[in-house]
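Take a look at the structure below.
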Amino acid sequence: MKIPNLFFGAILFTLPLSNTAAFAQDICNRLTEAEASAAVGVQLQRSPTDPCRFGHAFKSFSIIIHSGDGPRFGDYAANARKEFKDAQDVPGIGSGAIFFGTALAVKVKGDVIVISMFLGKSAPEKIALAKAVAQKLIAHY
């Protein structure tokens, strides 16, 4: 059933930020194009209008940082498990991580980072690529 999945994704990506968008842009700006490209194994350019988007269309990924939402990570994960039958925990990154659909949500310090990965063909490939991007981004926290 696609409608709940789209609905949950829309809610997750439109949750209000408890801090300013400037914080997210600052963190994203610290991730260089070279680091992003190395993480995914393909040359990508940063969007000229959004420092948290690399590449274009289905050869891209984007980052959303929900500043201060780390304590709500359990709710993110519980909702993902309800709405996405492919939801799975991802070990070895942040203090918790879950992959669902095309997104990896990672709890980092007091924040939740969501990486929407449109590169890779299978879920395991998308997970590996999103995890590599998350590791590069977390290094700049």
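The values are calculated or read from the model by the stated rules, or taken from the named source; none is laboratory data. These figures come from a predicted structure and were not determined experimentally. Using ideal geometry, Cβ is built from the backbone for each residue, glycine included, and neighbour counts are taken over all protein chains shown.
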Exercise for the section: Tell me, yes or no, whether the stretch 123-141 has at least one residue that is out of contact with any strand residue (DSSP E or B) (no Cβ under 6 Å at 6 or more places or on another chain), surrounded by fewer than 19 Cβ atoms within 10 Å (Cβ to Cβ), within 22 Å of D26 (Cβ to Cβ) and small (G, A, S). Expected result: yes
Handout entry: I64 buried (at least 22 other Cβ atoms within 10 Å of the Cβ), touching a residue at least 40 places away in the same chain (Cβ under 8 Å) and not polar (S, T, N, Q)
Key = no
Practice task
List the number of the failed condition for F13; all other conditions in (1) modelled with pLDDT of 95 or more; (2) within 12 Å of S62 (Cβ to Cβ); (3) surrounded by fewer than 18 Cβ atoms within 10 Å (Cβ to Cβ) hold.
Solution key: (1)
Completion exercise
Only one of T49, T102 is farther than 19 Å from I138 by Cβ and surrounded by 14 or more Cβ atoms within 10 Å (Cβ to Cβ), namely T102
Handout entry: Breaking point among (1) modelled with pLDDT of 95 or more; (2) assigned to a helix (DSSP H, G or I); (3) within 19 Å of A130 (Cα to Cα); (4) in contact with a Leu (Cβ under 8 Å, 6 or more places away or on another chain), for N79
Key = (3)
Exercise for the section: From the list A22, A38, A57, A34, pick out the single residue that is over 15 Å from the mean Cα position of the chain (by Cα), at pLDDT below 95 and within 21 Å of A132 (Cβ to Cβ). Expected result: A57
Practice task
Would you check if there is a residue in the stretch 69-90 being among the hydroxyl-bearing types (S, T, Y), out of contact with any His (no Cβ under 7 Å at 6 or more places or on another chain) and surrounded by fewer than 18 Cβ atoms within 10 Å (Cβ to Cβ)?
Solution key: no
Fill in the blank from the handout: Over the stretch 71-93, the set of residues closer than 19 Å to I138 by Cα and small (G, A, S) is G92
Problem - For R72: the one exception among (1) in a strand (DSSP E or B); (2) without any contact (Cβ under 8 Å) to a residue 60 or more places away in the chain - result: (1)
